[in-house]
Structures are given as C-alpha cells and as structure tokens.
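A short write-up of the structure that comes next.
The values are calculated or read from the model by the stated rules, or taken from the named source; none is laboratory data. Values in this document were obtained by computation on a predicted structure and should not be read as measured data. Cβ sites come from the backbone with ideal geometry, for glycine too, and all protein chains shown count toward neighbours. Areas reflect the complete protein model, heavy atoms only, side chains present, ligands, DNA and RNA absent. Shrake-Rupley method; radii C 1.70, N 1.55, O 1.52, S 1.80 Å.
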Amino acid sequence: MERSLHLPRADGTIAAFTPVNEPLMAPVKPAGGHHFNRVAYAAAHVVVDALADNDPWLDRNIDWERTIAFREYLWGLGLGVAEAMDTAQRGMGLDWTGAKELIAHAQSAARGRPDAVIAYGAGTDHLQPGPKVTIDDVIRAYEEQVAYVEGQGGRVILMASRALAAVAKSLDDYVRVYDRILGQVKEPVIIHWLGSMFDPALAGYWGSADDMLAMETATAIINQNAAKVDGVKISLLSAEKEIVMRRRLDPSVKMYTGDDFNYAELIAGDEQGYSHALLGIFDAVAPAASAALAKLAQNDLEAFHAILAPTVPLSRHIFKAPTRFYKTGVVFLAYLNGFQDHFQMLGGQQSARSIQHLSELFRLADTARVLRDPDLAVYRMKAILATVGID
C-alpha cells in the first residue's frame, strides 16, 4: 500500500509525508504478569456508537463493547485504568448518569480479571454551581458519588469540584469539605488537583489563584488525612510545582503525575523521590508506556528514556492550549490505530481541533512510533483529509 499522503501545515501549505518509523510493538505479557516499580494509571477515553440515531451534541451514545475492550487492552499492558475521569469527557459530554453506567460496566469487567487495577472518579458534577448552592450541598454531592463507587466495589479518585470552586469563600471551606469526605471513605483515595488549563471552572481551587498558596492548603489537608489518602494526582503542567509538592507530602502518600508535558522526567525521579503516573496520554501511547516502565523496573534508565522521550513532543501537542480539548487528539489516535471504526465523540468534540492540529499529531505519532499499523493509519488519515478537500 502506498504510504505517502499530503498533510496541511500550520502556515496553510500542504506537504507530502510518509511515515517511516517502525511501530513500537506492544510488550508481550510476561509470565506472572507485568511488574513495574511505579503505579501507572491510564485515564481512558470512551468510544461512542456512531450509528445511534440521536442528537450527538446532547445525547449520550456509548459503544460499551468497544469502550470496555479498550480497558482490557490497557490491563493487558500492565496499566491501571483511571475511569470516568476527564479523559472520558467527564463534564464535557459525559454527565454523572453516564458516568454511573460507565463505572458499572468497567467494574463488571474488572471483577473478571485478577490483574485489573482500576479506580473511579467521584465528584459533584450532578450539582450545578449557582448562587443557592451551599457547602453542605457540595458535601452531599460528594457523598452521593463516593457511595455509588464504593457500592460497586470500586476505589475512589476524588475529583475536583466545580461547585466547590464556585461556592467556597475561603480555604476553610476546602478543609471542611475534604475533612468530611476523607473521614468517611472506606479505602484510601486518590485526590485529583486539576488545574484551570484543563478546566477553567476550577480556577482558584484550594482557595487561591496562586498555585503555591493553594498547594499549602492542599498539602495540609492531605497530610492531616494521610491514612485516608493513597496519593494525589496533580495536573498543573509544571514539573517544578509537582516536585515541590511531592517533597512536602507525608511519606505514605504517593504523588501521581498528571503532567502530560513532563511525565518522563517526573516518573524517572531524582535522588529525593519520584512520581507515579495517572495520565491521559497513557491512553494514547500505552505500548510505549508499558515498555518504558518495564525497562525502568529493570533499572535501565537509558532504555526508559529512549522509549518514552519521543512520546513527549506528541503529548505536548495533544495537550496544547486550549488544553481541555486534548480528548480530541486522544480519540483521534485511537481511531488511527484501529481501536474504533470512526472519529466521533460525545458532544461532537471531534470538531474541537483543526485539520492542521490533527496532521501534526499524525507526524509526531510516527516519530513516537505509536502508529501501530502505519498502513491503516494512512488509510484512515486520508479519509479525514478528504472531508476538508485534500486528496
């Protein structure tokens, strides 16, 4: 098959391109399963039913078979699944009703696999922020979602709350909410600090627009409740801030990097520690993540970086501003790689990135060696290009 195609560039010109890099093969599952020295969750996307007769901007139409099959694929690579998170379009197409369905389906699949590591987002997204919302309303909303996840037998990722960000008058309000919820959870949770670049409605979370001041509040809450906190996922796209917070955490609390710009160096760590991973980009580059983590577990740092470093430019492109639209790139790569038969998303979010953006993603995915079947990827890329008049 002819692999050459014509891709638009940012300056509006069109240039020939041929993928030349051999794909990185998914690691074969070793006897006894994968053994990493980091905990690694991939925040997973959902696959929609593109043939559903509905209003795509408004209605939920998830292809459960393909969605769960992708989780099985991630588990097979030794990765955990962070479920019903922002990568699954939580708050941008997936509401709490849909999230409950997703959690139930995923937990059912996980019960059948002894190697399935999974945790679920619990937040307050069924509570619409407004002038009548109170701190007690936020607490009740968190309690409802935590109870659902725990009732399914799942572990909780305590998501940041838009409603709390809107109603909180001081850092004391954050202390009150988190102390209450952490005092009730059955198992230690992962606390999710999602920066405003991922969700503008979370600006000023932890009671301050200054991330370093907000960090003081977050760290104090976490350390005071360390027995109920497995770890904290920080998504500020700042390696420096993550390292500062990592060094301030109680030794029993893990740092899960959510930094899709600098994850390789943060996972590798330094003489004072390292980060585990809870990353949306691991959905898109799962074979590379698995292979690199295997090398790291063998103390082969050079091979770890050789595998993972080429994925970083791809990730920085997918997560470029406006960062909240990164899901489009994640799903596009899943389409190119044959995990779904279409490039459709909840809420019509496939339209959130330009053809120039998707074309550069294609080039970078080749460099990162994550086009698992280049011939298929070229065929599908050409289909997308044809929709904008490029033959």
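Restricting segment 239-264 to residues that are of a type in the set (S, T, N, Q) and under 17 Å from the mean Cα position of the chain (by Cα), the residue that is surrounded by the most Cβ atoms within 10 Å (Cβ to Cβ) is T257. Filtered by the rule that a residue be crowded, with 21+ Cβ neighbours inside 10 Å and either of a type in the set (F, W, Y) or assigned to a helix (DSSP H, G or I) (or both), segment 265-286 gives L266, I267, I281, F282, D283, A284, A286. Restricting attention to segment 13-30, the residues that are over 21 Å from A286 (Cβ atoms) and either among the aliphatic types (A, V, I, L, M) or in contact (Cβ under 8 Å) with a residue 24 or more places away in the chain (or both) add up to 5.
Give the residues of segment 1-36 that are open to solvent by less than 70 Å² (accessible area, probe 1.4 Å), over 18 Å from A386 (Cα atoms) and either assigned to a strand (DSSP E or B) or hydrophobic (A, V, I, L, M, F, W, C) (or both), sorted by residue number. Selection gives L24, A26, F36. In segment 145-157 there is no residue that is within 19 Å of M255 (Cβ to Cβ), small (G, A, S), assigned to a loop (DSSP other than H, G, I, E, B) and at pLDDT 95 or above. Counting only residues that are hydroxyl-bearing (S, T, Y) and more than 20 Å from A160 (Cβ to Cβ), segment 233-284 holds 2 of them.
Kindly indicate the residue of segment 353-371 that is in a loop (DSSP other than H, G, I, E, B) and in contact with a Phe, Trp or Tyr (Cβ under 9 Å, 6 or more places away or on another chain) and also least open to solvent (accessible area, probe 1.4 Å) among those meeting that condition. Among those residues, the one meeting the criterion is L371. One residue alone among D125, D137, D173, D179 is open to solvent by 10 Å² or more (accessible area, probe 1.4 Å), touching a Gly at 6+ places or on another chain (Cβ under 8 Å), in a helix (DSSP H, G or I) and at pLDDT 95 or above, and that residue is D173.
If you go through segment 16-48 and pick out every residue that is under 21 Å from the mean Cα position of the chain (by Cα) and under 30 Å from G348 (Cβ atoms), you end up with 8.
Pairing residues of segment 97-113 that are closer than 17 Å to H45 by Cα and among the hydrophobic types (A, V, I, L, M, F, W, C) with residues that are at pLDDT below 95 and part of a helix (DSSP H, G or I), at Cβ distances under 7 Å and at least 6 apart in sequence or on separate chains, gives no pairs at all.
Determine if segment 186-199 includes at least one residue that is surrounded by fewer than 22 Cβ atoms within 10 Å (Cβ to Cβ), touching a helix residue (DSSP H, G or I) at 6+ places or on another chain (Cβ under 6 Å), over 26 Å from M92 (Cβ atoms) and not polar (S, T, N, Q). Yes, that holds for at least one residue. Would you be able to tell me the number of residues in segment 341-361 that are under 13 Å from A383 (Cα atoms) and either free of Cβ contacts under 8 Å to residues at least 40 places away in the same chain or charged (D, E, K, R) (or both)? Count: 2. Selection over segment 188-228 of residues that are touching a residue at least 40 places away in the same chain (Cβ under 8 Å) and in a loop (DSSP other than H, G, I, E, B) gives a count of 6.
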